[in-house]
Amino acid sequence: MAAGAPALTLKVGGITPFSATDYPGKLAAVVFVQGCPWRCGYCHNPHLQPRTGSSLVSWSAVLALLKRRVGLIDAVVFSGGEPTMDPGLLDAMRAVRSLGFGVGLHSAGMYPRRLAEVLELVDWVGLDVKSSWPGYDAITGIADSARQARASAQLVLASGIAHEFRTTVHPALHTEADILALAKTLQAMGVRHYVLQVFRATGCGDARLNAGSTLGYPGAELLAQVAALFDSFTLRQV
């Protein structure tokens with residue numbers, strides 16, 4: 001944005017005023033940005049995939065709420081949808097930092113160039129990695145999605161920013177061999193903190209996934225193998 005130009009307005013689909021789970025070790029507000037070009041079947045925020053004509057929550061209202069949260073929370077996390085899809089993200093992050101908050105970002109990495117533009121303002125990144133690279137398109141529904149995600153992963157790792165890479169898994173989409181292969185790939189890239197998130201049906205419109213059972217998945221032996229690859233490993237079952 002040129003010097004003196006008006007700030008771009010973020011298109012917001014919702015906000016959580018207080019969260020203890022979206023930024024490790026921090027109390028945060030979460031701003032959900034509208035829009036995502038991928039169509040992952042297990043998505044539990046499908047209502048945020050479209051970009052509507054107007055923001056469901058005005059950015060000015062979000063800022064007013066955040067000003068009232070100063071001293072009560074540590075950070076603001078931009079989630080989605082896919083935050084890097086929005087041209088107003090950079091200005092929104094600047095506004096948040098000016099209030100004294102740390103900045104967190106949840107991203108699937110489909111826009112590496114836009115991710116690179118905002119990383120200097122980010123303190124922590126939660127990067128969604130959908131699968132091993134050959135299986136990406138089957139999950140996202142978009143051709144060449146692995147190339148974009150891998151480029152974004154490399155950007156995050158090269159930046160030195162605190163990170164969490166995570167994968168949502170379901171037995172209909174990921175065998176245990178797939179999960180271990182992905183974990184080894186990420187470890188070789190330099191990922192230090194990894195999370196497996198077991199599929200949850202909340203908000204998911206995919207009947208095939210909703211009908212499947214995740215009981216006993218992933219198995220204890222696999223989890224031990226994955227945990228041994230990283231400085232920290234977490235299994236989330238929510």
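Before moving on, here are some points about what is shown:
- Region 19-42 - residue that is in contact with a Leu (Cβ under 7 Å, 6 or more places away or on another chain) and not in a loop (DSSP other than H, G, I, E, B) and, of those, surrounded by the fewest Cβ atoms within 10 Å (Cβ to Cβ): Phe32
- With respect to (1) at pLDDT 95 or above; (2) open to solvent by less than 50 Å² (accessible area, probe 1.4 Å), the lone exception for Val198 is condition (1).
- Pick from region 102-144, criterion more than 15 Å from the chain's Cα centre (by Cα) and touching a residue at least 60 places away in the same chain (Cβ under 8 Å), ranking: surrounded by the fewest Cβ atoms within 10 Å (Cβ to Cβ): Gly141
- Residue list for region 94-120, filter: among the aliphatic types (A, V, I, L, M) and more than 22 Å from Ala29 (Cβ to Cβ): Met110, Ala116
- In the set (1) at pLDDT 95 or above; (2) among the polar types (S, T, N, Q); (3) under 20 Å from Thr234 (Cβ atoms), the condition left unmet by Thr168 is number (1).
- Selection status of Ala188, out of contact with any helix residue (DSSP H, G or I) (no Cβ under 7 Å at 6 or more places or on another chain), over 21 Å from His44 (Cα atoms) and not charged (D, E, K, R): yes
- Flag if Pro24 is in contact (Cβ under 8 Å) with a residue 40 or more places away in the chain and over 19 Å from Thr84 (Cα atoms): yes
- Of the candidates Thr9, Thr84, Thr52, the single residue that is touching a residue at least 24 places away in the same chain (Cβ under 8 Å), in contact with a helix residue (DSSP H, G or I) (Cβ under 7 Å, 6 or more places away or on another chain) and assigned to a loop (DSSP other than H, G, I, E, B) is Thr9.
- Members of region 92-101 that are in a helix (DSSP H, G or I) and surrounded by 19 or more Cβ atoms within 10 Å (Cβ to Cβ): Ala92, Met93, Val96
- In region 222-238, the residues that are without any contact (Cβ under 8 Å) to a residue 24 or more places away in the chain form Cβ pairs under 8 Å with partners that are assigned to a strand (DSSP E or B), at six or more places apart or across chains, as follows: Ala227/Phe233.
- Sole exception among (1) of a type outside the set (Gly, Ala, Ser); (2) under 27 Å from Gly141 (Cβ atoms); (3) surrounded by 14 or more Cβ atoms within 10 Å (Cβ to Cβ) for Val57, by number: (2)
- Selection over region 166-180 of residues that are open to solvent by 50 Å² or more (accessible area, probe 1.4 Å) and outside any loop (DSSP other than H, G, I, E, B) gives a count of 3.
The values are calculated or read from the model by the stated rules, or taken from the named source; none is laboratory data. From a predicted model like this one, the values you see are computed outputs, not experimental measurements. Here Cβ is always computed from backbone atoms with ideal geometry, including for glycine, and neighbour counts include all displayed protein chains. Note: accessible area is taken over every heavy atom of the protein model, side chains too, but ligands, DNA and RNA are not part of it. Shrake-Rupley method; radii C 1.70, N 1.55, O 1.52, S 1.80 Å.
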